[in-house]
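Working notes, beginning with the structure itself.
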Amino acid sequence: MKVQVCIIGGGPSGLLLSQLLHLKGIDTILLEKYSRDHVLARIRAGVLEHGFAELMREAQCGERMDREGEIHNGFEIAHDGVLSHIDLHKHSGGNSVLVYGQTELTRDLYEARDRAGGKVVHNAEDVTPHDLTSDRPYVTYRSNGQTIRVDCDYVVGADGFHGVSRKSIPKDVLREYEKVYPFGWLGVLSRTKPVSPELIYVKHERGFALCSLRSQVLSRYYIQVPLTDKVEDWSDDAFWAELKRRLPDEVAGRLITGPSIEKSIAPLRSFVAEPMSYGRLFLAGDAAHIVPPTGARGLNSAASDIYYLYHALLAHYQSGDDAGLEGYSAKALARIWKAQRFSWWMTMLLHRFPDRIEYEDRLQQTELDYLLSSETAQRLLAENYTGLPF
């Protein structure tokens, strides 16, 4: 089999790139390790910056997103028993974010690839890139007991943190930067009306919490927990009781609880791999970088990779200009590190650190006080939260 671009990974990043390239007449195949049902069962972030929403529209996948997604012009920070509003629309010069679940976004992209007759292979086993530094790279995979070879011009690794793509870059070339945080987020998805029309970020002496939503009938809540905790340690009743302890009384009083549809603990880490390209291989999304979910940058950071890679491949195939491909890693990383900084800052601002000294606690409180008293500080937050320009 011969295609122009072989994409490893069937999550939103790979699907979005495949769809965008298809609309420009560039042939792709997408190889996904798991079944479609497995991919669609992943519960992930649902806050899209305005640039991501525009990419979905360009991919002709934005109709349901625009119909069902919720525009959020701000969010609340709960602290010291009160709520303080952050006006994103005002402080970003008119931008906002769109709340639309990643599961639904991925479903829209799959349906678009189906309509276009896109080559999407699920349950692809032992996916392996070869000859990445030659002008004739190829990828092999196993399906139904057979080994299949895909010859291509370029390989895109959008197969997540544990995927094969990043591991295909030699260790003496790849440099990895990582920070592991001493806590995780216990998340619960419930079929209940959200406690607030906007997100509520909670700074509390018992630990961080977040009130989020997927729709007006589907809520997502999180509490900070030690890394030693397990999901089995937390009954639904125990989760709701702890969440209420961390919320201001006015919010806790109107919280609607119910059985959890999904419950999981996610450890928090910051991670960046450099470079994001090697020969004819280009990394995108979680294959190259991870952020804590605090600032809602994970999926949005992946979208910026796809934006740069899509335009670089267009320039190559339409005009023979390889400057975008040659500069992809540097350009993508410049924005990624800004997203890393913002996610790190939000995480440090709002979480309770078990080993932090009193001096650092006072600095954290001073940082929050400054943010809430300074329009300049709120402009910086809004600019990053709604999305830096590509």
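The values are calculated or read from the model by the stated rules, or taken from the named source; none is laboratory data. Predicted, not measured: the structure shown is a model, and the values here were computed from it. Methodologically, a virtual Cβ is constructed for each residue, glycine included, from the backbone with ideal geometry; neighbour enumeration extends over all protein chains shown. Side chains included, ligands, DNA and RNA excluded: accessible areas come from the protein's heavy atoms. Shrake-Rupley method; radii C 1.70, N 1.55, O 1.52, S 1.80 Å.
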Practice task
Filter region 369-384 down to the residues that are open to solvent by less than 70 Å² (accessible area, probe 1.4 Å) and in contact with a helix residue (DSSP H, G or I) (Cβ under 6 Å, 6 or more places away or on another chain), then identify the one that is farthest from Ser304 (Cα to Cα).
Solution key: Leu371
Exercise for the section: Might you check whether a residue that is closer than 30 Å to Ala339 by Cα, in contact with a Leu (Cβ under 9 Å, 6 or more places away or on another chain) and charged (D, E, K, R) occurs anywhere in region 219-237? Expected result: yes
Practice task
Could you name every one of the strands (runs of 3 or more DSSP E) located completely within region 18-95 that has at least 2 residues being aliphatic (A, V, I, L, M) and at pLDDT 95 or above?
Solution key: 28-31, 74-79, 82-87
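Each row is one residue, and each column tells you yes or no for (1) within 22 Å of Asp80 (Cβ to Cβ); (2) modelled with pLDDT of 95 or more.
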| site | (1), (2) |
| --- | --- |
| Tyr177 | no, yes |
| Phe183 | yes, yes |
| Leu186 | no, yes |
| Lys193 | no, yes |
| Leu199 | yes, yes |
| Gly207 | yes, yes |
| Gln216 | no, no |
| Asp229 | no, yes |
| Ala238 | no, yes |
Fill in the blank from the handout: Within region 326-356, residues open to solvent by less than 50 Å² (accessible area, probe 1.4 Å), outside any helix (DSSP H, G or I) and not small (Gly, Ala, Ser) come out as His351, Phe353, Arg356
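Each row is one residue, and each column tells you yes or no for (1) under 21 Å from the mean Cα position of the chain (by Cα); (2) of a type in the set (Gly, Ala, Ser).
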| position | (1), (2) |
| --- | --- |
| Ile8 | yes, no |
| Gly11 | yes, yes |
| Leu23 | no, no |
| Asp27 | no, no |
| Glu32 | yes, no |
| Asn73 | yes, no |
| Leu88 | yes, no |
| Asp114 | no, no |
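Tell me which residues, restricted to region 132-146, are under 14 Å from Lys33 (Cα atoms) and either open to solvent by less than 100 Å² (accessible area, probe 1.4 Å) or at pLDDT 95 or above (or both).
Answer for region 132-146, where residues must be under 14 Å from Lys33 (Cα atoms) and either open to solvent by less than 100 Å² (accessible area, probe 1.4 Å) or at pLDDT 95 or above (or both): Val139, Thr140, Tyr141, Arg142, Ser143.
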Exercise for the section: Could you please find all residues in region 276-296 being open to solvent by less than 10 Å² (accessible area, probe 1.4 Å) and under 19 Å from Met346 (Cβ atoms)? Expected result: His289, Pro292, Thr294, Gly295
Completion exercise
When region 213-243 is checked residue by residue, the ones that are within 21 Å of Pro259 (Cα to Cα), open to solvent by 10 Å² or more (accessible area, probe 1.4 Å) and hydroxyl-bearing (Ser, Thr, Tyr) are Ser215, Tyr222, Ser235
Problem - Hits in region 372-390 (condition: in contact (Cβ under 8 Å) with a residue 60 or more places away in the chain and part of a helix (DSSP H, G or I)) - result: Leu372, Glu375, Gln378, Arg379, Leu381, Ala382, Glu383, Asn384, Tyr385, Thr386
Exercise for the section: Say whether the condition of being buried (at least 21 other Cβ atoms within 10 Å of the Cβ) and assigned to a strand (DSSP E or B) is met by at least one residue in region 163-177. Expected result: no
